Amino acid sequence: MARTPTSPARTIRARLAAASAKLTEAGSPDLAAAVDEVLAPNGWGLLRRTEENADTNPNLAIFMNKEIRESLKAKAEAKGTTLTADVTEAFRKFVAGEFVPDAPIRSRRNSGAEKGNLNVRPDADLLQQVKDLAEQKSAEYGWTVTPARVASAYLMRKYRISEAAQAK
């Protein structure tokens, strides 16, 4: 009789469920509960959260021209800094009122420029402060302020990326 192939996920799930039952029988309900948490929907995400990465700062994706993104990375590296440190600096200055971002420049339509995300992990508290100020500053500046736009404007100014390059 031919055996029906079983997906690896089902096999692992069945084995973990059996392990949970055995742990309960053996008098280790706390260990069984841990296995059950991993078996729950999206439980795998718990495995990714360890003590060393539980308090990491959230990712901030800044959508921009890939050519500019690579230029920013190179310029930051040449200065011996990181773009994450620069964005954290931008947020500090923005919250303190020391930095007023320029209005975003829209790319020309069908410019052919390849776009992508610049991913940074700025300080979570500063990110939240920028979000909290966004509505007030949007009314003041006359355009929608977002953390990504504040970060982008700061990086463009700091690394002297021209408006012409941004409009690509």
**Request:** Check whether at least one residue in region 70-79 is among the aliphatic types (A, V, I, L, M), closer than 16 Å to residue 159 by Cα and out of contact with any Asp or Glu (no Cβ under 9 Å at 6 or more places or on another chain), and report yes or no.
**Result:** yes
**Item:** Residues (among the polar types (S, T, N, Q) and surrounded by fewer than 16 Cβ atoms within 10 Å (Cβ to Cβ)) located in region 58-99
**Value:** 59, 71, 81, 82
**Message:** Report every pair of residues separated by at least 6 positions or lying on different chains whose Cβ atoms are under 6 Å apart, first residue within region 82-94 and under 13 Å from residue 148 (Cα atoms), second charged (D, E, K, R).
**Reply:** 84/121; 88/123
**Complete:** Taking first residues from region 123-137 that are within 13 Å of residue 90 (Cα to Cα) and second residues anywhere that are open to solvent by 90 Å² or more (accessible area, probe 1.4 Å), the pairs with Cβ under 8 Å that are 6 or more apart or on different chains are 126/92
**Request:** Select, from 55, 102, the only residue that is in a loop (DSSP other than H, G, I, E, B), at pLDDT 90 or above and either in contact with a helix residue (DSSP H, G or I) (Cβ under 8 Å, 6 or more places away or on another chain) or open to solvent by 80 Å² or more (accessible area, probe 1.4 Å) (or both).
**Result:** 102
**Request:** Scan region 23-35 and report the pairs whose first residue is within 17 Å of residue 12 (Cα to Cα) and whose second residue is outside any helix (DSSP H, G or I) and open to solvent by 50 Å² or more (accessible area, probe 1.4 Å), with Cβ atoms within less than 9 Å and a gap of 6+ or a chain change.
**Result:** 32/26
**Asked** When you go through 153, 139 one by one, which is the residue that is of a type in the set (A, V, I, L, M, F, W, C), open to solvent by 70 Å² or more (accessible area, probe 1.4 Å) and not in a loop (DSSP other than H, G, I, E, B)?
**Response** 139
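The values are calculated or read from the model by the stated rules, or taken from the named source; none is laboratory data. Since we're looking at a predicted model, the values are computed, not measured. Please note: Cβ atoms are built from the backbone with ideal geometry, for glycine as well, and neighbour counts cover all protein chains shown. These area figures cover heavy atoms from the full protein model, side chains too; ligands, DNA and RNA do not enter into them. Shrake-Rupley method; radii C 1.70, N 1.55, O 1.52, S 1.80 Å.
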